[in-house]
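The values are calculated or read from the model by the stated rules, or taken from the named source; none is laboratory data. Keep in mind the model is a prediction, meaning the values are calculated, not measured. Glycine also receives a Cβ, built like all others from the backbone with ideal geometry; neighbour counts cover every protein chain displayed.
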């Protein structure tokens, strides 16, 4: 199954390594170094202005900035997994 990250970007759920709140990444030297390295190595697949991004999604293929909140993206992934019977209650 897939999750829509905003705009025209859709990624397979099984490729997602992590979904992070962009505000939590700001001010951290390690996180900034990771994003800078991703850009330099061509792994930043979707970029946007810092004031527009709400989340950062790390996948096995690259890094995506998204204007959709990390909470909403996690909810989307969870809803798809529940629909597939992938979560236990």
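Observations
- Within the stretch 22-31, considering residues that are over 28 Å from residue 79 (Cβ atoms) and at pLDDT 90 or above, the one nearest to the chain's Cα centre (by Cα): 30
- Count of the stretch 46-71 residues, restricted to those that are in contact (Cβ under 8 Å) with a residue 40 or more places away in the chain and in a loop (DSSP other than H, G, I, E, B), is 5.
- Here is the figure for the stretch 72-86: residues that are part of a helix (DSSP H, G or I) and modelled with pLDDT under 85 total 5.
- Within the stretch 8-21, the set of residues being in contact with a strand residue (DSSP E or B) (Cβ under 7 Å, 6 or more places away or on another chain), farther than 17 Å from residue 75 by Cβ and outside any strand (DSSP E or B) comprises 15 only.
- Filtered residues of the stretch 44-60 (kept if exposed (fewer than 15 other Cβ atoms within 10 Å of the Cβ) and modelled with pLDDT of 95 or more): 60
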